[in-house]
1. Which residues' amide hydrogens lie under 5 Å from the amide hydrogen of Tyr261, considering only partners 5 or more residues apart or on another chain, with H built in the peptide plane?
2. Based on the alpha carbons, how large is the Rg to Rh ratio for region 265-355 when Rh follows Kirkwood?
3. Which ³J(HN,Hα) values in Hz, rounded to whole numbers, follow from the phi angles of region 97-107 under the Karplus curve 6.51 cos²θ - 1.76 cosθ + 1.60, where θ = phi - 60° and Gly and Pro get x?
4. So, for region 239-321, what is the accessible surface per residue at a probe of 1.4 Å, expressed in square angstrom?
5. Using a simple spin-label model with points 7 Å from Cα along the Cα→Cβ vector, what separation in nm is obtained for Ala128 and Asn320?
6. In nm, give the distance between the simple-model label positions of Thr148 and Met310, each being 7 Å from the Cα along the Cα-to-Cβ direction.
7. What's the extension gain from Lys343 to Glu81 if we count 0.36 nm per residue and subtract their Cα-Cα distance?
8. Please turn the phi angles of region 149-159 into ³J(HN,Hα) values with the Karplus equation 6.51 cos²θ - 1.76 cosθ + 1.60 (θ = phi - 60°), one per residue in order, whole Hz, x for glycine and proline.
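The values are calculated or read from the model by the stated rules, or taken from the named source; none is laboratory data. Quick caveat: nothing in here was measured; it's all calculated off a predicted structure. All Cβ positions, even for glycine, are placed from backbone atoms using ideal geometry, and neighbour counts span all protein chains on display. Please note that ligands, DNA and RNA were not included when accessible areas were found on the heavy atoms of the full protein model with its side chains. Shrake-Rupley method; radii C 1.70, N 1.55, O 1.52, S 1.80 Å.
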Amino acid sequence: MEPLCRRGLESCFNVGRCRYTGWRMLDCARGTRHLSTTCPRSASKNKRAHPKPSQPPLEYRASVKSRPRPRTISVASNPNENPFKYRIFPIIWGGITLFCISGYCAYLYVAVSRPSERLVATEASLQADVSGRYNEIAKKFDTEVDWTEKVMGIKSLRKKMTQQAVGEVLEVSIGTGRNLEYYEFDFGNLSTQGGKRKVKSLTAIDMSAGMLEVAHDKFSNLFPGILGVRWIVADAAERAKIPPPPRNANERSGNKVGEKYDTIIQTMGLCSVDNPVALLKSLGEVVKEDEGRILLLEHGRGTWSWLNNMLDKSAEGHANAFGCWWNRDLRKIVQESGLEVVKFETRHLGTTSWIELKKPTSTKAELPAARRFEPKEPPTITAPTAEAKRKYW
């Protein structure tokens, strides 16, 4: 009896063990955390005897990450709190700034629209000579005008014009030498601007000794030990004050008697001389006739009447401060000089002018007196007298 009970218990134990093994194998097939290596050997045997039930393939679902919702912080609003508590000072400063800008705009409008109380001179002959002002502001001139020229692009125009200079060069009204760094010099073995050799010699003329001294110091700092520029304190409007080109690039060399310059440059000079028409005529006498060029970068009257009105009203104050009259008519000055206009371009609403001039070709030799045609005066016709009428009848 005891063996039968023992066999019955063993069979019950084996049945439970097979069921447990079957469930473990099913879990391994479904991809749960249990691995097939953990299944007992009897499971592999049962697997052969009992095939794995077929299951439908799992559906593919793309994982969609939900965006985190913005956290809202609930702040208990106090109805009695002042909404401008932390904005008082910005509002005050913004109001003051707006008031100042509107006041300045109103001042400009009134200044432009109001007619002038007295006649403003635009002719150079009627304007006072303020060229002596340059000796007083020579040391601080570069500091005062440097920022303005950068903003308006005047420095780039200076560079572009100066790099067109070739051969024997004469610069009139050189001032503090604001164009010296842009020249392509040829000083024997020393050449500037990347090896280009275009300028053989430079003669610098200015009426202000103070400005010329600053230009000389600037050149010495750019080219130490080089004597390549001839410095002359004179009024270029007087033809006799302009010497011929030098023999070589040395300020101590002699002159080439009878020779003339290839290029003449002047930047912001017609506004400061007493007689600009005489100056242009004098420059036309010392430039070569065919290939010679006179390059001018000037400022004067603009295109619009309201702008010219502003220039006229502030011309006297500007002249007393900087020594130049910025309301002169440049086209009229060029026309009266008698030089031939090669190029005339304007910028900044017509106030800045790029002018290129040349000496007009000389007229042919006059014909001999025998061949010259001289118109005769028409005969005067007088009314017949009474005595002549009687003789006729």
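1. Val287, Lys288
2. 0.98
3. In residue order, the calculated couplings are 4, 5, 5, 5, 5, 5, x, 5, 5, 5, 5 Hz.
4. On a per-residue basis, 44 Å².
5. In this crude spin-label approximation the distance works out to 0.7 nm.
6. If labels sit at Thr148 and Met310, their model points lie 1.3 nm apart.
7. 87.3 nm
8. So the J values, rounded to whole Hz, are 5, 5, 5, 7, x, 5, 5, 5, 5, 4, 5.
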